[in-house]
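**Q** Please read through the structure below; I'll follow up with questions.
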Amino acid sequence: MLLLCGFLRLHLLARIEQRDKTAHENSAAQAGEAIAALRTVASLTIEEQILGEYRDKLSIQRKSILKPVLSVSLLYALSFSFFFFCMALDLWYGSSLLAGHEYPVLQLWICFVEIMFSTQSAGTVFAFAPDMAKAQTAARQLKDL
């Protein structure tokens with residue numbers, strides 16, 4: 001479950017990164033055009049109009065990215081919750097085995113440490129998901145170039 005949340009989060013972050021890049025390219029292109037034609041913009045006194053259009057493009061991008069960012073944040077919270085859920089489940093089940101004299105304390109401790117280290121290691125890998133998504137986008141751009 002932890003790995004599934006991590007991979008899904010990585011996939012969503014890569015899509016968000018690509019969409020964000022495209023939106024910023026569009027707004028930067030408009031700003032570049034306005035700067036290139038600065039004399040025309042100034043002579044027509046349409047600075048406020050150009051600035052308004054630029055703000056509109058950025059606000060559209062901000063609104064379109066809100067839902068995916070919330071999804072990624074939810075997956076991040078789920079993956080960390082799952083870590084604590086595993087810890088609680090392990091402690092509950094281990095204590096019931098100890099109470100029934102079915103397991104020695106050493107065996108319980110070994111299982112507990114094993115589960116905690118494995119889930120923590122998997123979670124640590126996906127802590128770098130935003131960087132991995134940016135690296136995927138950069139590699140795609142390099143390939144296209």
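**Q** Only Cα pairs under 8 Å and at least 6 apart count here; give the relative contact order of the chain as a rounded whole percent. Let's see the in-between values first.
**A** Working: 86 pairs, mean separation 68.2, N = 145.
Contact order relative to length: 47 percent.
**Q** Sticking with this structure for a sec: Express in nm, to one decimal, how much length is gained between Leu145 and Gln18 on full extension, taking 0.36 nm for each residue of separation and deducting their alpha carbon distance.
**A** 44.2 nm
**Q** Who wins for biggest fluctuation among Tyr54, Tyr103, Tyr76 in a Gaussian network model of the chain, springs between alpha carbons below 10 Å?
**A** Maximum fluctuation in the GNM of the chain, among the listed residues, is at Tyr103.
**Q** Something else: Please compute the net charge surrounding Ile46, taking Lys and Arg as +1 and Asp and Glu as -1 over other residues with Cβ under 15 Å from its Cβ.
**A** Details: positive: Arg39, Arg55; negative: Glu33, Glu47, Glu48, Glu53, Asp56.
For residues surrounding Ile46, the net value is -3.
**Q** A follow-up question, please. Name the most mobile residue of His101, His11, His24, meaning the one with the largest mean-square fluctuation, in a Gaussian network model of the chain with Cα contacts below 10 Å.
**A** Judging by the Gaussian network model, the answer is His101.
**Q** Which one, Cys111, Leu4, Pro68, projects farthest toward the positive side of the charge dipole computed for the chain from Cβ point charges (K/R +1, D/E -1)?
**A** In the chain, that residue is Pro68.
**Q** Arg62: net charge of surrounding residues, Cβ under 14 Å, Lys/Arg +1, Asp/Glu -1, itself excluded?
**A** Values: positive: Arg19, Arg55, Lys57, Lys63, Lys67; negative: Asp20, Asp56.
Every neighbour counted, the sum reads +3.
**Q** How large is the dipole of segment 2-144 about the Cα centre if only Lys and Arg carry +1 and Asp and Glu carry -1, each at its Cβ, rounded to the nearest 20 debye?
**A** Working: 13 positive and 13 negative charges, 71 e Å.
It comes to approximately 340 debye.
**Q** Could you give the length gained on full extension between Gln49 and Val69, defined as 0.36 nm per residue of separation minus the Cα-Cα distance, in nm?
**A** Values: separation 20, 0.36 × 20 = 7.20 nm, distance 3.00 nm.
Here the answer is 4.2 nm.
**Q** Tell me the mean residue ellipticity at 222 nm calculated for the chain from its helices only (DSSP H runs of n ≥ 4, each -39500 (n - 2.57), averaged over every residue, nearest 500). Intermediate results must be reported in sequence, preceding the final value.
**A** On the way: 5 runs with 132 residues, N = 145.
Using -39500 (n - 2.57) per qualifying helix, the result is -32500 deg cm²/dmol.
**Q** Across segment 2-144, how many lysine pairs, 8 or more apart or on two chains, come within less than 16 Å at their alpha-carbon atoms? All intermediate terms of the calculation are to be shown ahead of the outcome.
**A** Working: Lys21/Lys57; Lys21/Lys63; Lys21/Lys134; Lys21/Lys143; Lys134/Lys143.
Close lysine pairs found across segment 2-144: 5.
**Q** Still on this structure: In vacuum, with every alpha carbon of segment 44-145 counted as one equal point scatterer, what does the Debye formula give for log10 I(q)/I(0) at q = 0.10, 0.20, 0.22 Å⁻¹? Two decimals, please.
**A** After summing over all Cα pairs, the log10 values are -0.56, -1.05, -1.12.
**Q** Nearest 0.05, what FRET efficiency do Asp56 and Trp92 give at R0 = 35 Å with Cβ-Cβ as r? Don't skip to the answer; put the middle values down first.
**A** Details: r = 54 Å, r/R0 = 1.54.
Working from the Cβ atoms, E equals 0.05.
**Q** While we're on this one: For the pair Leu3/Asp131, report the inter-label distance in nm, with labels modelled 7 Å from Cα in the Cβ direction.
**A** 2.2 nm
**Q** Please rank Leu108, Leu89, Leu142, fewest neighbouring Cβ atoms within 10 Å first, as an exposure proxy. Mind showing how you got there, number by number?
**A** Values: Leu108 18, Leu89 11, Leu142 8.
Sorted ascending by nearby Cβ count, the order is Leu142, Leu89, Leu108.
**Q** Roughly speaking, what is the stretch gain from Thr40 to Gln120, that is 0.36 nm per residue apart minus the C-alpha to C-alpha distance, in nm to one decimal?
**A** On the way: separation 80, 0.36 × 80 = 28.80 nm, distance 5.88 nm.
Gain on stretching Thr40 to Gln120: 22.9 nm.
Here, each number is a calculation from the coordinates, and none is a lab measurement. All values reported here derive from a predicted model rather than from experimental measurement. For neighbour counting, all protein chains shown are included, and Cβ atoms are generated from backbone atoms with ideal geometry for every residue, glycine included.
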